[in-house]
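The values are calculated or read from the model by the stated rules, or taken from the named source; none is laboratory data. Here the structure is a predicted model, which means the values were calculated and not measured. We place every Cβ from the backbone using ideal geometry, glycine too, and count neighbours over all the protein chains shown. Ligands, DNA and RNA are excluded from the accessible area calculation, which covers all protein heavy atoms including side chains. Shrake-Rupley method; radii C 1.70, N 1.55, O 1.52, S 1.80 Å.
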Amino acid sequence: MGSLPSLFSRPMNTEHYWMRRARGLRRRVNFARWFECFAPVGFGVGLCGTVAVLAARGAGYALVYPLGATGAVALLAALFVMRRVRPVLENDGDALARLDLAHGLHNRLSSARAGVGDWPAPKEAPVLRWRRSRAADLVAAALALLLAACLVPAGVVAAMKPPEKIQPPPALRDLLAMTKRLREEKAVDPAALESLEKRAEALLKQPESAWYDTTTMEASEHLRDRTGEALRDLDKDLAALKGVADRVAESGELIPEELSAQLAKNLAEALEGLDLSTLPPSKELRDKLGKLSPAAMKAMDKKTLDELRRTLAEQRRRLRRASADAKDSKASSRKASSGGLPVFVFACGPADPGPAMLVKNALGVTASGVVDSGLKAPTDAERQVIMESLQKAPPRLYTQAGCKPGMQVAGIVPLPLPPGSAPDADDDLLDALEDLVYGDAYAVLEFEPERRALAAALAVGRLRLLPVSLKDCNGDCKSGSCEKPGGAIVVVMGAAGAGGPGGGGGPAPLQMGDKSTAQAGGSEQLKAGDRSHDTLGDMEGLTSGKHKVDKDAYRGPVAGGAISSEGEGSESVWRDNLTPEERETLRQYFK
Amino acid sequence: MLPPNESEIAEARARLASLRDALANVLFGQDELLDAVIVGLVARGHLLLEGLPGLGKTELVKGLSKALGLDAKRIQFTPDLLPGDITGNPLLQEVDGTRRFVFQPGPIFANIVLADEINRASPKTQSALLEAMQERRTTVMGESHALPDPFFVLATQNPIELEGTYPLPEAQLDRFLFKLDVRRADAPTLARIVLNREMGVEPKVDAVLDADTFRSITALARRIHMPEVVAAYIARIVDATHTGDATVRFGASPRAALALASAAKARALYAGRLNASFEDVRALAPLVLRHRVILDYTAKLEGLTGDAVVAAILEKTPAGPASTPQSLAAAKIG
């Protein structure tokens, strides 16, 4: 009885054994078949994935996205290939046939599975083994490419964005914005504005590639600057007119003859300015203003005069609103140029009415409180350096500034500059200073933002003095109005300019230093400096070295140690008695 | 149809082995030929023996008939041989005072018919064998006559003589299960023949089987199991004979597939196995297909033979599943 289990168990065990081997063999063969079909597709997917990974790395995306997409595509491709190869996949019967062949069983396994005969005894030898194939090479290559794409150093490149539309130059944009505001505000004569717009459109109609040519940029900036200047002149003329109206209104019927003459003069100048302006006010306003005179104003009733004053004030407000863009652009350039450095204004003239009023008069500013005497005054060292520089200034400068020998230097007043940076700065004052700063005499100093560096900068003789003609003005100096003409000198200290498109307005930003500091792994020191406003006597620099003298130069024939001729530079060393052939031979030898 | 059991197989194998031993005393040194002849007979197939004269073809047939205890007749095919000379003729006889045609059976009415030099008869005469070989009966003057069972045709033809011969038509060739090459024996075998034979004296062969036993063996061969994978292999081989190129005009017919399957079963029985195998098919495919592949004349001019075509087909048609992936290689089994 003890042998029964073995009798029954053997066929069951051998069947289980052979079927298990058949299933394993079937899986292996089917996987190999699928793998070989998938390999070319997988290689293609790997290539695409490699490109995607490189592109993603270049664009700065995380690797998980291209790798995830590649994996998803590979999975879909694997399923697709599985569907394609399903008809040719083998079953257990095929696997048994393989085992039959491999073990020489004469299809006993196939027959036993069909119920014919017994299952043969187990045989452990493997039937098929893996080997390197083209499919494996393809898949390995695809994986290697993907791995390399993930690991090779690759910088982030800018994402492929469509090129942005080219914008017109900033100056042209400012100009267009300004004309648009002027038309909206109806601040100037439409005909003059139309002329200005045509000029701007002419620039705009150029090919986009020519917008940033030097000529176009210069033309744009010139047109913008001139337009700004015209607007500011118009504003000044309107301000003068309003000043006259104010004085008339303040004085009532008791206008002194002298003041009346002055007002008439101011009125004539303002009206002349309006007539000559390239951007005059509207024709109605011009006609209305053209009939004005101090006498006519005086004859006006208070209501009419007040209306005139409101009209002028309103016109000025319109102008200011319209030219806000231009002022902003100027202010930004001022900020960039001055670099937040202090600007001092001082004047020479009579002690009375005082330096502050002199400066106010010099700048043509009538608004009170513009010059804030409470600002931080220069230090004693700075004051001393400035005064010494003034005394050393060329007489021409003194003359131009209206300073005369014996005239008292009024003082040094710090202005709330850099222009545009002080919240309380008045636009009038800033505009006036702007004319000074951005005029031809604009000077730039190498200057550190620290106050203590001012003295050092001045000490090396780099103080720049700008003469400013005092405007003629009348009035009671004691009461705040200047009666006498005077002069002023504006000391402008700013950082190096960035240079304009035409090369003007500032120096080239970078120059090599006096002494090279270049070393391996180091950097060359650069400095910025503007030499455009050097005056005579300024030292450009010193160079140490020796002249290159040829000590071995021929000094003439020598007989018995005596020197008959020392010769001179560039003299020929060849003897005249040499034949041309000898001469050519020597020339070739010493070549 | 129930598959045979082990004991039946063993008994049949023993009897066939005794038959082989008996034939081996007749034909020396032709073991493969004897095996093929026995397998062909077990498969109930007709055999075409091709070989030079004097190699023992007739002796083989005679010895076979004696060993099997079957009736054997020999027909010498000549160009003037008529179909009636093979199948038999109706003769006018007077019986009981009346005259009528009485069929006189020809030499084909035997269990084993030796059609000697069959290609010397005219196609008309050759065609007299068609019905007999396929349907195992003959029809004379509208009257069918069944042939004895078993019925085998063992035909011979001389491959070197072309003048005055009529090549067998394809339909005739297709009815032969095997085409066997009878090769000359080597020197030791010739020495053995010289020592054991006398000119003009037929060797003595004992009957090892009777007709009934042989019929039971052939019936047993039909019950041999044919696995599906082996059947598929046969189908792939036969299908591959239709190469589609210029070398082969016509491939083997479905009858060839049936013949190959029957032969494989007979060989399995001869080897004492319950089922046919890939090995059986590979061993018998040349014998079954070599005369069924009709070559193009250009291929014949280039010396291509049916054997070469079949060998190439077997080479490129692996046994078992269609193919093995390139990533897998057959492991060496010690």
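For this structure, a couple of remarks:
- For B:A252, residues with placed amide H under 5 Å, excluding near neighbours: B:T241, B:H242
- Heavy atoms of chains B and A lose about 2400 Å² of accessible surface on contact, summed over both sides with a 1.4 Å probe.
- In the elastic network of chain B, a GNM with C-alpha springs shorter than 10 Å, the most mobile of B:V201, B:V37, B:V113 is B:V201.
- Subset of A:K265/A:K288; A:K198/A:K265; A:K186/A:K288; A:K165/A:K236; A:K205/A:K236; B:K73/B:K204 violating a 28 Å alpha-carbon distance limit: A:K198/A:K265; A:K165/A:K236; A:K205/A:K236
- Only Lys, Arg (+1) and Asp, Glu (-1) charged, at Cβ; region B:225-321 dipole about Cα centre in debye: 280
- For B:G51, residues with placed amide H under 5 Å, excluding near neighbours: B:Q157, B:V182
- Average beta-carbon neighbours from other chains, 10 Å sphere, peptide A:99-109: 6
- Most fluctuating residue given options B:L33, B:L304, B:L168, as computed from a GNM of chain B linking Cα atoms under 10 Å: B:L304
- Other-chain or far-sequence residues with amide H under 5 Å of B:F152's (modelled H): B:I112, B:V113
- Geometric descriptor of region A:170-322, per residue, is 95 Å³ (volume of the convex hull of the Cα atoms).
- Cα-based shape type of region B:26-115, given that a ≥ b ≥ c are square roots of the gyration tensor eigenvalues and the cut on a/c is 1.5: prolate
- Alpha-carbon spread of region A:4-151, three principal axes, descending order, Å: 74, 27, 25
- Each Lys and Arg contributes +1 and each Asp and Glu -1, all at the Cβ; summed about the Cα centre of region A:4-151, the dipole is approximately 80 debye.
- Residue-averaged beta-carbon neighbours from other chains (10 angstrom radius) around B:314-326: 5
- Three-way shape label, region B:166-233, alpha-carbon gyration tensor, a/c 1.5: prolate
- Rounded to the nearest 10 square angstrom, A:R286 shows an accessible area of 70 square angstrom against a 1.4 Å probe.
- For region B:236-334, Kirkwood radius (reciprocal of mean inverse C-alpha pair distance, Å): 14.7
- Centroid-to-centroid separation of region B:226-246 and region B:1-61 [C-alpha atoms, Å]: 26
- Most fluctuating residue given options B:V95, B:V288, B:V182, as computed from a GNM of chain B linking Cα atoms under 10 Å: B:V95
- Its residue count N sets the reference 2.2 N^0.38 Å, and the alpha-carbon radius of gyration of chain B equals 1.06 times that reference.
- Per-residue mean of foreign Cβ neighbours for A:133-146 is 1 (Cβ atoms of other chains, 10 Å radius).
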